[in-house]
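The values are calculated or read from the model by the stated rules, or taken from the named source; none is laboratory data. Since the model is a prediction, treat every value here as computed from it, not as a measurement. Every residue, glycine as well, gets a Cβ built from its backbone with ideal geometry; the counts of neighbours run over all protein chains shown.
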Amino acid sequence: MDNPKNLILVIFGASGDLTSRKLIPAIYSLKNQGLLPGKFAMIGTGRTGFSLDEFRKKMQDSIIEFSEEAVDKDQVTSFLDHLYYLSMDNSAPADFFSLRSHIQEIDDKYGIGGNYIFYMATPPLLYGPIALNLSNAGLTGQSEGFRRVIIEKPFGYDLESGRALNRTLHEIITEEQIFRIDHYLGKETVQNLLVTRFANGLFEPLWNRNYIDRIEITSSENIGVEERGGYYDNSGALRDMVQNHLLQMVGLTAMEPPSSLDSNAIRNEVLKVFQSLQPIKEEDVPKQVIRGQYTGSLIRGECVTGYRYEKGVPKDSRTETYVAIKFFINNWRWGGVPFYIRTGKRLPTRVTEIVIHFKPTPHHLFRRDSGKISANQLIIRIQPDEGILLKFDMKEPGAGFNVKNVNMDFHYKDLANVRVPSAYERLLYDVMIGDSTLFSRDDEVETAWKFLEPIQKAWANNHEIKIFGYPAGTWGPEHANDLIEGDGLTWRYPCKNLADDELYCEL
């Protein structure tokens, strides 16, 4: 693996949950693996008035609580010595000159050489102002060392705001300096999708409209909005999950083989998929898109609050906590194959997976007792119980030709002495070495927003479009099943355990 150059990482919003739960444990893990540069420092910033000792103590507690591996106290102490904190207001230009002085002081102390990464772990409204203030303070120029900016999703709220943010950033830094982070793309199983397709002669010849009936992608959460009701109500499932996570997985599932593993070669193919998405007309939104909100329910004896009664959520809110979309990709490989994507909160379990439904055999020699015709499925599980499951038919032992559906599965956890790194470990390391393969490019972001724009407009302009209630703990509005083409077909209802079928789920 490449060794990153010496650098300083600055995290804006370092007093927030993202830094505590994900970023600091990931950086600590990179240090333990020997993947941080020889000279490294991190500066956390925020409006909270932490002293240096208070900040380091908070980060120590985060490492102990959220690290996915055993924690060595001596290693933690050594790591904390490289962490610093500066209390500042991200909207105050003068504070960025103080930040520049603080960075220069630490650069001189460690001999960094001017390599800085700025991570915006803040509300999206601050992305533009932070970038402008960094530029005005002279912190974005690359005359000495590199300067890179990491931006969390959502990148804008619609096509217009996404384009505006791109324009703002491109006025002060180049596209090569921008890393739009999507932690789903940092997961091993998402990256393994490319290997599964392009390294195996078994799958790629079948990966087209001739053999695949439909493709289904699910990303579900079993939690509600928790304490983030006010923020979430201004976002919703379409902006929070579909524009980034789900469409990126569509791109990797449907893309053509890239000419190389170069980051632009891969991202060019993802962009082509987005450009081939068949537009959804505003008048067709009610037929192709189902949105819902979770309502109060009883789950395992516990009363669960409905979305409109969550803290910070208006009682007349029409923000969706569930969305399911049916669409097509207009190209030679996928012409006529329906794609189905769905995401939601307060569903039965936390799971993300891609399901490839192959076409049934053209001549049905063998039927089940139920009379239903079976078809093969390839299930790529992103989380949890990461792995791959192939479902196919076998003859049951005994007289006659009774057919039973069986599973052949692989689980990452079965690999001996192999640790699956967290998504943020992989992505932070990639930013350090300047590899942008797993990050969204400006044209990808804008094309994704363009695809979703008619849905946003239809919801805003036509209040007769229903938002369906669904009891917390269920798989969303039953109307979502109407999207699936074909008699008797429905969504796959996944279990927490990859190899379990829905009839035997322990959610």
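A few notes on this one:
- Test: Arg167 is modelled with pLDDT of 90 or more, in a strand (DSSP E or B) and either farther than 20 Å from Leu247 by Cβ or outside the structural domain of Leu246 (by TED's automatic domain parsing) (or both): no
- Only one of the listed residues (Gly296, Gly186, Gly236) is out of contact with any strand residue (DSSP E or B) (no Cβ under 9 Å at 6 or more places or on another chain), small (Gly, Ala, Ser) and not assigned by TED's automatic domain parsing to the domain that holds Leu125. That residue is Gly186.
- Every residue from the stretch 263-282 that is among the charged types (D, E, K, R) and free of Cβ contacts under 8 Å to residues at least 60 places away in the same chain: Glu269, Lys272
- Failed condition for Thr48, given (1) modelled with pLDDT under 90; (2) buried (at least 19 other Cβ atoms within 10 Å of the Cβ); (3) of a type in the set (Val, Ile, Thr); (4) more than 26 Å from the chain's Cα centre (by Cα): (2)
- In the stretch 386-420, residue modelled with the lowest pLDDT [restricted to those that are farther than 13 Å from Asn192 by Cβ and of a type in the set (Phe, Trp, Tyr)]: Phe401
- Residues that are assigned to a helix (DSSP H, G or I) and either in contact with a helix residue (DSSP H, G or I) (Cβ under 6 Å, 6 or more places away or on another chain) or among the charged types (D, E, K, R) (or both), drawn from the stretch 31-56: Lys31, Asp53, Glu54, Arg56
- Pair list, Cβ under 6 Å, 6 or more apart: the stretch 10-31 residue without any contact (Cβ under 8 Å) to a residue 60 or more places away in the chain, other residue in a helix (DSSP H, G or I): Ser20/Ser62; Arg21/Phe66; Ile24/Met59; Ile24/Ser62; Tyr28/Ile63; Tyr28/Phe79; Lys31/Phe79
- Residue in the stretch 214-235 that is modelled with the highest pLDDT, counting only those that are of a type in the set (Gly, Ala, Ser) and surrounded by fewer than 23 Cβ atoms within 10 Å (Cβ to Cβ): Ser220
- Condition check for Ser317: in contact with a strand residue (DSSP E or B) (Cβ under 8 Å, 6 or more places away or on another chain), assigned to a loop (DSSP other than H, G, I, E, B) and surrounded by fewer than 19 Cβ atoms within 10 Å (Cβ to Cβ): yes
- Residue within the stretch 92-106 that is in a strand (DSSP E or B) and either farther than 19 Å from Gly13 by Cβ or in contact with an Asp or Glu (Cβ under 9 Å, 6 or more places away or on another chain) (or both) present: no
- Some residue of the stretch 63-85 being basic (Lys, Arg), at negative phi and free of Cβ contacts under 8 Å to residues at least 12 places away in the same chain: yes
- Residue in the stretch 236-245 that is in a strand (DSSP E or B) and within 18 Å of the chain's Cα centre (by Cα) present: no
- None of Gly312, Gly292, Gly301 is surrounded by fewer than 17 Cβ atoms within 10 Å (Cβ to Cβ) and in contact with a Gly (Cβ under 9 Å, 6 or more places away or on another chain) except Gly312.
Table: residues versus (1) assigned to a strand (DSSP E or B); (2) touching a residue at least 60 places away in the same chain (Cβ under 8 Å).
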residue	(1), (2)
Phe179	yes, yes
Val190	no, yes
Thr196	no, yes
Pro205	no, no
Arg209	no, yes
